[in-house]
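Quick notes on the structure that follows.
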Amino acid sequence: RTEFALKEIMSSGGAEDDIPQAERKTVTDFCYLLDKSKQLFNGLRDLPQYGQKQWQSYFGRTFDVYTKLWKFQQQHRQILDNRYGLKRWQIGEIASKIGQLYYHYYLRTSETSYLNEAFSFYSAIRQRSYYSQVNKEDRPELVVKKLRYYARFIVVCLLLNKMDVVKDLVKELSDEIEDYTHRFNTEDQVEWNLVLQEVAAFIEADPVMVLNDDNTIVITSNRLSETGAPLLEQGMIVGQLALADALIIGNCNNQVKFSELTIDMFRMLQALEREPMNLASQMNKPGMQESTEKPARRENPHKYLLYKPTFSQLYTFLAASFKELPANSVLLIYLSATGVFPSGRSDSEGPYDFGGVLTNSNRDIINGDAIHKRNQSYKEMHCLHPGDLYPFTRKPLFIIVDSSNSVAYKNFTNLFGQPLVCLLSPTAYPKALQGTAFLFHVPNVSLCLLIYFIPFAFLFVSGLSSMRRGLWEKCQDYLRKINRDIAQLLTHSRSIDQSFLQFFGDEFLRLLLTRFIFCSATMRMHKIFRETRNYPESYPQLPRDETVENPHLQKHILELASILDVRNVFLENTLDDY
């Protein structure tokens, strides 16, 4: 490639002897770095997707080469323009690759500061119009590079909650797609229009808006803040386990998604992250860490994001997480998936007799269907049954199931005496809520929304679609008080299973548990949530009189309803109605 580049110089810039040796070396060095960077970048796809150690040295080498390449083209821009014919879109392509590197490093480390780095490079491409001349060249593959850049930039902005930028990018992407489809008769027009539809649905997926006084939308974050989880108080005896690893799995039919990220996966991954250190600033500078902050306190649990995995893929990632889980640590599994129900009646009640949640079948579905038609006694093959998770209960395991068959995981058995908790979504919504915009966007029951995005969920089940910022902040303050009281109820309970207390020492799990209890209590008091299948459940069962049906908590819920002026949708004398 270097020889080819030099020949191009000779043909465009005169005889080779006319080119100073130093300039020729500059082009040679640039071509070497460019080739090396492409080689290393293409090799990233061959790295194992699971396991946290094997990839780090390779990523480090790739970062080093791209850093050298970026600085080199900055220092020698004039020579490269004159002798190599460096185009602005080629500079944009280098910046785009660096943005991708930072984004993938975030996916592998869960450290949100790398998202800010990706944003800074993607933003620079847009601000400096690196791709502006692409449309003047009669090369559709270059336009596709530009469109892919926009799609990647949108994903990063969504994860950073930069919704104003997202809306601008979507408009620009729409114009670019329209221009692309008019100029080139390509087969991917439908695919790019689908990308636009997906991101539009993603933006509109939240059922409740917080508004400023001028009716502009307030961007709220769902990441863990310093005041998010209730503090452990003196006298609370809890375990010392820490959430270290999480598998976030999305396999719901027809759920809103963008790229390979469903709306439930998106919400859950944010619920398992802390606020970035410099969320208020536009860009992150490497190494900007508060010296007074303990590094361990800033760490987010490592996450695997699995979109529609097969059973084999899911089990492979699960085994890798299990193998690398440090001592005194917790593995979390979040399953947002279509329910799979037993195909026939069974006389037994074992861990494979209640169905589970769907795994991707790929081509195997033909064989699977054929087997079931022959013999109804066989278990569903493309399904994660509760029994499939038994081997992994040898270590502390925290499971959250969002599914129409979540109750299958109520039939767990703790075989090894390790801490084990399953939080289970309702299996159905009341008919009065069906057909709302929320259910149109997210047809499955989403425990993730109802529990982890309070008071959004409180407003949603109360029939409200927006609230003012001042009221939102007042609700947040009151919810912090409720969470503190729930923490007191849970840690002072005499009959609660010890697994809940073992997990309560971790900030992320503590917030999930307190919100789960609040949500469950709220739905039990709501006038239209009257069937058992409308309520979240758990394994082991919570002592209802001390938690979800506690009169003190019920009083708090009615007070919050009064603040929001929706007390009329809740039962006043709840205990008398059971």
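As an exercise, identify the trypsin sites (Lys or Arg not before Pro) in the range 470-562 lying in DSSP coil whose Cβ has no more than 11 other Cβ atoms within 10 Å.
Hits after loop and neighbour filter: 494.
Report, ordered by chain and residue number, the lysines lying within cross-link reach of residue 481, taken as a straight Cα distance under 26 Å and ignoring same-chain residues fewer than 8 apart.
Here the lysines satisfying the reach criterion relative to residue 481 are 527, 555.
First measure r as the distance between the Cβ atoms of residue 68 and residue 259, then evaluate 1/(1 + (r/R0)^6) with R0 = 35 Å and state the FRET efficiency to the nearest 0.05.
The computed FRET efficiency comes out at 0.70.
If each residue of separation counts as 0.36 nm, what is the full-extension length gain between residue 39 and residue 87 once their alpha-carbon separation is subtracted?
So the chain would gain 15.2 nm between residue 39 and residue 87.
When only the heavy atoms of the protein chains count and the probe is 1.4 Å, how do 168, 506, 35 rank by accessible area, highest first?
From most exposed to least exposed: 168, 35, 506.
So how exposed is residue 562, as accessible area in Å² (1.4 Å probe, rounded to 10)?
Here the residue's solvent-accessible area equals roughly 50 Å².
For residue 209 and residue 22, what is the calculated FRET efficiency with R₀ set at 56 Å and r taken between the beta-carbons, to the nearest 0.05?
Approximately 0.40, to the nearest 0.05.
Residues of the range 19-207: accessible area per residue at 1.4 Å, in Å²?
Per residue, the range 19-207 has an accessible area of 48 Å².
To make sure I understand the rule: partners must be lysines, Cα under 18 Å from the Cα of residue 257, and not fewer than 8 residues away in the same chain. Which ones qualify?
162, 167, 308
So for 384, 241, what's the accessible-area order with a 1.4 Å probe, most first?
241, 384
Using a cut-off of 20 Å between alpha-carbon atoms, which aspartates and glutamates can reach residue 71, once sequence neighbours fewer than 8 places away in the same chain are excluded?
Residue 71 reaches 23, 29, 35, 81, 93, 117.
Round to the nearest 0.05 the FRET efficiency obtained for residue 57 and residue 107 when R0 = 25 Å and r is the Cβ-Cβ distance.
0.90
Could you go through the range 530-541 in sequence order and give the Karplus-derived ³J(HN,Hα) for each residue, using 6.51 cos²θ - 1.76 cosθ + 1.60 with θ = phi - 60°, rounded to whole Hz, and x for Gly and Pro?
Per-residue couplings from phi come out as 10, 9, 4, 6, 7, 9, x, 10, 8, 10, x, 5 Hz.
For the range 71-169, which whole percent of the accessible surface, found with a 1.4 angstrom probe, sits on carbon and sulfur atoms?
Summing carbon and sulfur atoms, their accessible area is 43 percent of the total for the range 71-169.
The values are calculated or read from the model by the stated rules, or taken from the named source; none is laboratory data. None of these values were measured; they are calculated from a predicted model. A quick note on method: Cβ atoms are made from the backbone with ideal geometry, for glycine too, and the neighbour counts reach across all protein chains shown. What goes into the accessible areas is simple: the full protein's heavy atoms, side chains included, and nothing from ligands, DNA or RNA. Shrake-Rupley method; radii C 1.70, N 1.55, O 1.52, S 1.80 Å.
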